[in-house]
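Peer 1: Dropping the structure in here first, questions after.
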Amino acid sequence: MKWDWSVFFEVIPLIFKGLWITLGLTIACYLFAMIFGFFWVFMARIPSKTVRWIFRWIAEFIRSTPPLVQLFFIFYAWPMVPVVGVSLNPFAAAILGLGLHFSTYLSEVYRSGIESVDKGQWEASTALNLSSKQKWLKIILPQAIPPTIPMLGNYLIIMFKEVPLASTIGVVAMLHIANDYGAQYWKYVEPLTVVALFFLLLSYPSALLINKLEKKYNRRFDKKSVSTL
């Protein structure tokens with residue numbers, strides 16, 4: 001099939017409109033994942049071993065199954081479940097499905113950050129008789145989160161590249177628009193190329209920024225480790 005430049009330039013403004021939906025969905029899914037990621041962290045720290053075991057395996061199940069299957073279940077199958085079944089629009093189903101899936105990964109990022117906090121900080125917060133809320137908000141999280149920023153940024157980029165899966169349940173974003181155009185005019189190469197270029201133009205500079213942040217934080221914490229020797 002011959003490349004058609006007129007089609008290429010024609011679909012750019014069409015797909016550009018879908019870009020904003022893709023970005024909006026990415027941000028919404030990521031915010032959901034960031035907030036719900038703390039849920040898995042705190043469930044893993046409660047005293048009951050049985051409850052910890054249940055939530056650990058729920059998180060492992062979500063992490064180990066494909067996000068596409070989860071999207072299909074939430075959008076198509078969940079409304080058919082008796083009593084608890086709820087029908088969601090495509091956008092809400094995508095936020096729930098992708099956000100929940102990635103929250104299990106972000107919880108591991110949070111966990112590594114929390115475990116990196118020096119044991120003395122935990123002991124100091126106990127000695128100061130701080131409440132659990134004060135201990136986490138004033139002592140632990142301010143030290144645990146900054147080292148995880150580069151990894152959190154990497155997952156944001158991964159989320160951005162996974163959001164096109166939402167087109168399979170009807171979210172009209174870039175990939176959905178490109179497929180619709182291809183089906184209508186039997187021209188798939190040009191619109192899908194435009195989609196790929198938009199993803200490249202946004203994800204590649206973001207990846208460079210994340211790498212820069214990672215090097216910056218590595219130097220910062222390397223200096224701290226040297227100063228403590």
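Peer 1: Give me the log10 of I(q) over I(0) for the stretch 1-146 at q = 0.14, 0.18, 0.19, 0.20 Å⁻¹, as the Debye formula computes it from C-alpha points; what are the numbers?
Peer 2: Per q value, in the given order, log10 I(q)/I(0) is -0.84, -1.10, -1.16, -1.22.
Peer 1: Okay, moving on. For the stretch 56-98, what class follows from the C-alpha gyration tensor (a ≥ b ≥ c being the square roots of its eigenvalues): rounded when a/c is under 1.5, otherwise prolate if a/b is larger than b/c, else oblate? Before the final figure, lay out each step's value.
Peer 2: Values: a/c = 2.22, a/b = 1.41, b/c = 1.57.
It comes out oblate by the Cα gyration axes.
Peer 1: Do the alpha carbons of any pairs in Lys17/Lys215; Lys49/Lys135; Lys17/Lys161; Lys161/Lys212 sit beyond 25 Å of each other, and which pairs?
Peer 2: On the way: Lys17/Lys215 35 Å; Lys49/Lys135 23 Å; Lys17/Lys161 17 Å; Lys161/Lys212 20 Å.
Flagged as over cut-off: Lys17/Lys215.
Peer 1: Once phi is turned into θ = phi - 60°, what whole-Hz ³J(HN,Hα) does the Karplus curve with 6.51, -1.76 and 1.60 give for every residue of the stretch 128-144, x standing for Gly and Pro?
Peer 2: Calculated HN-Hα couplings, in order: 7, 6, 6, 6, 4, 4, 5, 4, 6, 7, 9, 10, 7, 4, x, 9, 7 Hz.
Peer 1: On to the next question. Using a Förster distance of 30 angstrom, determine the FRET efficiency expected from the C-beta separation of Lys133 and Leu213, and round it to 0.05.
Peer 2: Details: r = 29 Å, r/R0 = 0.97.
That pair, Lys133 with Leu213, gives E of 0.55.
Peer 1: Probe of 1.4 angstrom, ligands and nucleic acids ignored: what's the accessible area per residue over the chain, in square angstrom?
Peer 2: Working: 13760 Å² over 229 residues.
Result: 60 Å² per residue.
Peer 1: Within the stretch 147-191, which residues have the backbone N less than 15 Å from the label spot 7 Å out from Leu201 along Cα→beta-carbon, could you tell me?
Peer 2: 174-175, 191
Peer 1: Now for a separate question. Over the stretch 122-206, how many percent of alpha carbon pairs lie in each 10 Å bin up to the one with the longest distance?
Peer 2: P(r) for the stretch 122-206, in whole percents per bin: 15, 28, 19, 14, 13, 8, 3, 0.
Peer 1: For the chain, with only Lys/Arg (+1) and Asp/Glu (-1) charged at the beta-carbon, what is the dipole magnitude about the Cα centre, in debye rounded to 20?
Peer 2: Details: 21 positive and 12 negative charges, 200 e Å.
Using only the charged Cβ atoms, the result is roughly 960 debye.
Peer 1: Based only on Cα atoms, what Rg/Rh ratio does the stretch 79-171 have, Rh being taken as Kirkwood's radius? Could you put the intermediate results ahead of the total?
Peer 2: Values: Rg = 18.6 Å, Rh = 16.0 Å.
Rounded to two decimals, Rg/Rh equals 1.16.
Peer 1: Enter the accessible area of Arg45 (Å², nearest 10), with the probe set to 1.4 Å and all protein chains included.
Peer 2: 120 Å²
Peer 1: Could I have the simple spin-label model distance between Phe42 and Tyr76, label points 7 Å from Cα toward Cβ, reported in nm to one decimal?
Peer 2: In this crude spin-label approximation the distance works out to 3.6 nm.
Peer 1: Oh, and also: So what is the 222 nm mean residue ellipticity for the chain from helices alone, if each DSSP H run of at least 4 adds -39500 (n - 2.57) and you divide by all residues, rounding to the nearest 500 deg cm²/dmol?
Peer 2: Values: 9 runs with 165 residues, N = 229.
So the calculated ellipticity at 222 nm is -24500 deg cm²/dmol.
Peer 1: Along the principal axes of its C-alpha atoms, what lengths does the stretch 69-132 span, in descending order and rounded to whole Å?
Peer 2: Principal extents (largest minus smallest coordinate, Cα): 52, 23, 17 Å.
Peer 1: Using the per-residue mean of other Cβ atoms lying within 10 Å as a proxy for protection, in what order, highest first, do the peptides 175-188, 46-59 fall? Walk me through the numbers before you get to the answer.
Peer 2: Values: 175-188: 16.9, 46-59: 11.8.
The most tightly packed comes first, giving 175-188, 46-59.
Peer 1: Residue-wise, which Karplus ³J(HN,Hα) couplings in Hz belong to the stretch 14-28, taking 6.51 cos²θ - 1.76 cosθ + 1.60, θ = phi - 60°, and x for glycine or proline?
Peer 2: In residue order, the calculated couplings are 5, 6, 4, 5, x, 4, 5, 5, 4, 5, x, 5, 4, 5, 5 Hz.
Peer 1: Now, a different point. How many percent of the alpha carbon pairs in the stretch 1-82 exceed a separation of 21 Å?
Peer 2: On the way: 1922 of 3321 pairs.
Roughly 58 percent, rounded to a whole number.
The values are calculated or read from the model by the stated rules, or taken from the named source; none is laboratory data. A quick note: this is a predicted structure, and the numbers were derived from the prediction, not measured. Heads up, the Cβs are rebuilt from the backbone with ideal geometry, glycines too, and the neighbour counts pull from every protein chain shown. These accessible areas exclude ligands, DNA and RNA; they are computed on the full protein's heavy atoms, side chains included. Shrake-Rupley method; radii C 1.70, N 1.55, O 1.52, S 1.80 Å.
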